Structures are given as C-alpha cells and as structure tokens.
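Asks: Right, I'll just put the structure down here and ask away after.
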Amino acid sequence: MKRTALVLSLLLMLAGCAGTYRVDSAVQSYARWGGDIATGLPATRPAAPAAPQTYRFERLPSQARGQPGESQDRFEAWAQDALQAHGWTLASGATAPWRVEVAGIALRAEDPWADADGRWRFHGHFVTGNGHVFLSPMFAMPLDRPWVQRQVVLVIRDAATGQVVYETRASHEGRWNSTPALWQAMLQAALRDFPMPPEGTRQIDIDLPY
C-alpha cells in the first residue's frame, strides 16, 4: 500500500508540472566598460553607458553564408529582442558605437541520469519493519531524446577601439528540444542584470510552457 501511494504521489506531482519546463542556465558575465579586459577591472569601476544605445552585429566569415548564415540570422534576431529589453536597439545606419557578436553551440553528450540501458528510473525509499531503509525502482521511463549541452555567448565591443567591453555566456544541458523559445530563454538569462552584472557564476531559471 505504501508503495502504491508513493507511485501515485509521484505521478500526481509530474502531472501538476506538465504545463511548463524549466530552462536552468549557468550564467557568467564580465563587464569592462572603459577598462581593460586583459588586466582586469580598473581601480574605479566605470559606469556602463546609459540606455538607449545602438549597435551593429558583427559576424565571423564562417557565419556569413549558407546554413550557418541562416542560423546566425535567427540568433541575431533573438539577441536583438533580448537587447531591446535593456534599451539597446539595432542601428538603422551603417555605423554605431558598439559591435555585438552572438553565437550558439549545441553538443550531444552522455545523459548523467540514465542507466546503462538508456532508461531513466524513478526510485522510492521504503522502510522495513526493523527500521532499515532500502531503495527500490518503482518504474522506468524510456528516453527517446538525446542529452544536449548548449551554450550561448554574446560579446560587445567598442566600435572605435575594438576593445571588448562586455562578455556573457549562458550554459544549459538537458533533453529539451532546440526550440526558438529555449534559445531565447538562454539569451535572456545571459543578459540578466545587463549592463552591470554581479561577479561570479549564477543560476538563472526561466520557466517556459510546453
């Protein structure tokens, strides 16, 4: 009876959160407004430029044409939306004070939670009459989606000097499909607290509907 109750409780819990999924990103950001990224922060950390600001996108030669170019078009459109939320807009002319580079990477990896047979097993803790606790598999769920490690990187340069003034990256891994909403959530996470982020790695969670 206890085992049945535990199974039913787990199924109810899973059903209750079936409407959304969480994109949990590990974010690292570095601001060097007016400083030197090679030597670190200056003695007095300069203030970031106040919004509104304008920028132009910059691409590597490998991102210019064909399928990579089409993929880059999408990433730049998503980055444009994310920057717009902070008062930075794409320049209408040929020049702008800032240049922005953005890239996304996705690599298949080994699922850290799957068993050797490729199944994700749910377990329950059960207590015997003499007080011993043991772990028993309740049910196994087949996994038909690969485990993927993803990262988005966004870099801002001073157009006049080429100096990197802002760098941010968000990393996420899991089984979710590579939808536009997932990549957009990662870009939103990467630009959290822009343009003056806290030091160190932080986790940014964004919930999305299925």
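Since every read-out is calculated from the coordinates, none of them should be taken as a lab result. Source: prediction; values computed, not measured. Because the Cβ atoms are built from the backbone with ideal geometry, glycine has one as well, and the counts that use them run over all protein chains shown.
Asks: Provide the per-residue ³J(HN,Hα) series for the stretch 57-74, in order, calculated from phi with Karplus coefficients 6.51, -1.76, 1.60 and θ = phi - 60°, each as a whole number of Hz, with x at glycine and proline positions.
Replies: Result, ordered by residue: 7, 10, 10, 7, x, 6, 9, 8, 10, x, 4, x, x, 5, 4, 5, 4, 5 Hz.
Asks: Further question: Each residue of the stretch 87-93 in order: what ³J(HN,Hα) in whole Hz does its phi give by Karplus 6.51 cos²θ - 1.76 cosθ + 1.60, θ = phi - 60°, with x for Gly and Pro?
Replies: x, 9, 10, 5, 5, 7, x
Asks: While we're on this one: Using the 10 angstrom Cβ neighbour count as an exposure proxy, how do GLU199, GLU58 rank, fewest first? Can you show the working numbers first?
Replies: On the way: GLU199 10, GLU58 16.
With the sparsest Cβ surroundings first, the list reads GLU199, GLU58.
Asks: If amide hydrogens are placed 1.01 Å from N in the peptide plane, which non-local residues have theirs closer than 5 Å to the one on TYR21?
Replies: For TYR21, whose amide H was placed from the backbone, the distant partners under 5 Å are LEU208, TYR210.
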